[in-house]
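Comments concern the structure below.
The values are calculated or read from the model by the stated rules, or taken from the named source; none is laboratory data. Because the structure is a prediction, the values reported are computed rather than measured. Here the Cβ positions follow ideal geometry from the backbone for every residue, glycine too, while neighbour counts run over all protein chains shown. Side chains included, ligands, DNA and RNA excluded: accessible areas come from the protein's heavy atoms. Shrake-Rupley method; radii C 1.70, N 1.55, O 1.52, S 1.80 Å.
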Amino acid sequence: MPSCSVLRLCQYETNKLVRIQSVRLGSLKWSLNAAILLFICVMMLWNRKYQEFDLVVSSVTTKLKGVAQIRLPGVGELVWDVVDFSGASQEKNSFFVVTNVIVTKNQKQGRCAEVPSKGRSSCRSDQDCEKGGWDLHSHGIQTGSCVKFDVLKKTCEVSAWCPIETKTNPPRPALLAAAENFTVLIKNNIRFPAFNFIRRNILPGMTADYLKSCNRGNDSLCPIFRLGDVVRSAGEKFSEMAVEGGVIGIQIKWDCNLDPLMHRCLPRYSFRRLDEKESNRTLYPGLNFRFAKYNQVNGVEERTLYKAFGIRFDVMVFGQAGKFSFIQLIVYVGSTLSYYALTTVLIDWLIGTSCYSAEVGQNYSERKVEDVQDQQKVILGVSYVDENNLRLVKRSLKKSLQDVKPMSVLPRQEDPGHLRAVLCLLQPRMDQDQDHKADQNPRPAAPSWCKCDCCVPASLPQEQLCCRRSSGGCISSSPLFDQLVLRRPLLEAVLLYRDPLAPLEDRVRTAALRHCAYQQFISWRFGSPPAGCHPAVPSCCIQRIREEYPSPDGQYRGFRPVRTTITMQGGANGEL
Ligand code: ZN
Ligand code: ZN
């Protein structure tokens, strides 16, 4: 129907709440909410969640300064300045300092004996040498002849820059370790494009005099670094690292707060070694490369070959800047609202556990949770005379009701109105009605599920229920059973109370009295049964009631619980 769906659009559903009046729970709720609010505020201020962020864009230039007097073997005393020390490499955001060197002087194009090495065996005759041959470790192209390398060894002759570099291991201690005292000025310009904010690490207040005299020992913002200090800050020893070289990272972190009240935008420097440290265990450790200086001697080109070991300093810049943003603040506040659900979860859990009063917990869960039974499942209530609690069990079509495991066990809820009415009726005629019918017909033998010895066999599993859990006397033998359940004047009074103009025909009256007797039994044993459950009357009691108020044709409809929510008025407890 179209009108139905239209009507549905005009509806609003909201949750129904349960309010518990409790000082303890109230203070717990507010304490938890206050703790959550505190946490949210601290996290917001600590992580600046109210800000919008932008990443840094930067450029780096470096200026190395220093000069040192050194002694090179085979060359003699030399003064090396920054140009010599910087080697040949100039890369983006990094600078190189030569710390050790192997020098091979006066190399000329010519023929000479190849240097023996691990992978290359020496030769005995010219047959061992292939003309034009070379490999990855060769210094030149083989000429095909086998010549003397030294007194003991012969190697293949090569066309190469001769004499060939013979040293493979760098000198120890490092020849240019004096580079430790060199200084470098790092100039770093940064920009945060989103905020159009520009800054450099040479801050506006720094003068030329300041830069000349500043020292990182007492001023962490000084942009001039002594190389020895940099290496030491990275946890290394300069003299050790100088031998084979390596890579050191200079990290500049910008963490800027651009809000006017909290404005702060200063660089933070940190240092660490970037290459593999264990030179003993690492293949090809350190950092080295070769370069040469060429000159003409008598018209012949000569060169001096340098194998330079050194330290490369990589300057890495990263960081972010934050500025207050109303949208970010709203997004953050929105994302934290769900934390308040923790209070409910925690308090609900606390009430459910034994930490809190069981009575309050039971009351709370009864008010809070409304049970709706599955249409297919019929829940039966069972009350044993030797147990205080009620059991709720699912109806089984195979197992006898006596053997089905309970879904839950509930305390019995007394029905005070019923008790009071019954007591009023009982009072005046307490001793009149003692016509306890001993027994007329011998009963068939009690079935196996019976514990009281009074039940009769039943074909339907839902009717196979005894009044007891363990063996013992039957509830139907109690004098109170006669008085509360069977006594005719009581049942008549109850029926009349319910319907003052009840018909008086005998047949109808007997059936009505029988059903009223079941009702009396249920009120007695179950009190107010939990909603949605069908109280089951034990077989022995049914038998006893039927004997008292028999059907004229001996036919009974049996216990047929219906799958609807029942009200405990009239004889609505199925059909017995
Ligand atoms: Zn029994
Ligand atoms: Zn019994």
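Just to be sure I understand, how many residues within region 199-208 are surrounded by 10 or more Cβ atoms within 10 Å (Cβ to Cβ) and outside any loop (DSSP other than H, G, I, E, B)?
Count: 2.
Inside region 1-18, can you point out the residues that are of a type in the set (Lys, Arg) and outside any helix (DSSP H, G or I)?
Across region 1-18, the qualifying residue is only Lys16.
Any residue in region 463-480 that's in contact (Cβ under 8 Å) with a residue 24 or more places away in the chain: show its pairings with residues that are away from ligand 2 (no atom under 11 Å from the Cβ) and basic (Lys, Arg) at Cβ separation under 9 Å, as long as the two are six or more apart or on different chains.
The qualifying pairs are Gln464/Lys399; Cys467/Arg525; Ile475/Arg525.
Picking from Thr353, Thr336, which residue would you name as being modelled with pLDDT of 85 or more and either of a type outside the set (A, V, I, L, M) or surrounded by fewer than 17 Cβ atoms within 10 Å (Cβ to Cβ) (or both)?
The unique qualifying residue is Thr336.
Please go through region 452-467 and pick out each residue that is within 13 Å of ligand 2 (Cβ to nearest atom) and either among the polar types (S, T, N, Q) or crowded, with 23+ Cβ neighbours inside 10 Å (or both).
Listed by number, the residues that qualify are Cys452, Cys455, Gln464, Leu465, Cys466, Cys467.
Listed residues Ser470, Ser476; which is assigned to a loop (DSSP other than H, G, I, E, B), within 16 Å of ligand 2 (Cβ to nearest atom) and in the same structural domain as Asp415 (by TED's automatic domain parsing)?
When all the criteria are applied, what remains is Ser470.
Take Asp229 and decide whether it is within 29 Å of Asn169 (Cβ to Cβ), of a type in the set (D, E, K, R) and outside any loop (DSSP other than H, G, I, E, B).
yes
Please list, ordered by first then second residue, the pairs with beta carbon atoms under 7 Å, 6 or more apart or interchain, first in region 508-519 and open to solvent by 30 Å² or more (accessible area, probe 1.4 Å), second part of a helix (DSSP H, G or I).
Partner pairs satisfying both residue conditions: Ala512/Leu495.
Name the one entry in Arg273, Arg303, Arg264, Arg268 that is open to solvent by less than 60 Å² (accessible area, probe 1.4 Å), under 36 Å from the mean Cα position of the chain (by Cα) and charged (D, E, K, R).
It is Arg273.
For region 440-457, check the following and say yes or no: at least one residue is out of contact with any His (no Cβ under 8 Å at 6 or more places or on another chain), of a type in the set (Gly, Ala, Ser) and at pLDDT below 65.
Scanning region 440-457 turns up no residue that is out of contact with any His (no Cβ under 8 Å at 6 or more places or on another chain), of a type in the set (Gly, Ala, Ser) and at pLDDT below 65.
Which condition number does Leu465 fail, the rest of (1) over 21 Å from Pro538 (Cβ atoms); (2) in contact with a strand residue (DSSP E or B) (Cβ under 7 Å, 6 or more places away or on another chain) being met?
Going through the list (1) over 21 Å from Pro538 (Cβ atoms); (2) in contact with a strand residue (DSSP E or B) (Cβ under 7 Å, 6 or more places away or on another chain), Leu465 breaks only (1).
Just to be sure, is Val115 outside any strand (DSSP E or B), surrounded by 12 or more Cβ atoms within 10 Å (Cβ to Cβ) and in contact (Cβ under 8 Å) with a residue 24 or more places away in the chain?
Yes, satisfied.
Quick one: is Val79 under 26 Å from Pro171 (Cβ atoms), touching a strand residue (DSSP E or B) at 6+ places or on another chain (Cβ under 8 Å) and surrounded by 15 or more Cβ atoms within 10 Å (Cβ to Cβ)?
no
Being closer than 30 Å to Arg367 by Cβ and within 15 Å of ligand 2 (Cβ to nearest atom): is that true of Ala536 here?
yes
Yes or no: Val331 open to solvent by 70 Å² or more (accessible area, probe 1.4 Å) and either modelled with pLDDT of 90 or more or within 30 Å of Leu274 (Cβ to Cβ) (or both)?
yes
Please go through (1) among the basic types (Lys, Arg); (2) open to solvent by 30 Å² or more (accessible area, probe 1.4 Å); (3) touching a residue at least 60 places away in the same chain (Cβ under 8 Å) for Lys293 and return the number of the only condition it doesn't satisfy.
Only one criterion in (1) among the basic types (Lys, Arg); (2) open to solvent by 30 Å² or more (accessible area, probe 1.4 Å); (3) touching a residue at least 60 places away in the same chain (Cβ under 8 Å) is unmet by Lys293, namely (3).
Restricting the search to region 468-495, which residues are under 17 Å from Glu547 (Cβ atoms), open to solvent by 40 Å² or more (accessible area, probe 1.4 Å) and within 14 Å of ligand 1 (Cβ to nearest atom)?
Selection gives Ser477 alone.
Yes or no: Phe526 within 15 Å of ligand 2 (Cβ to nearest atom) and either farther than 21 Å from Ser383 by Cα or at pLDDT 80 or above (or both)?
Taking the combined requirement at face value, the residue does not satisfy it.
State all residues of region 19-34 that are of a type outside the set (S, T, N, Q), surrounded by 10 or more Cβ atoms within 10 Å (Cβ to Cβ) and either in contact (Cβ under 8 Å) with a residue 12 or more places away in the chain or part of a loop (DSSP other than H, G, I, E, B) (or both); if no residue qualifies, say none.
Answer for region 19-34, where residues must be of a type outside the set (S, T, N, Q), surrounded by 10 or more Cβ atoms within 10 Å (Cβ to Cβ) and either in contact (Cβ under 8 Å) with a residue 12 or more places away in the chain or part of a loop (DSSP other than H, G, I, E, B) (or both): Ile20, Leu25, Leu28, Lys29, Leu32.
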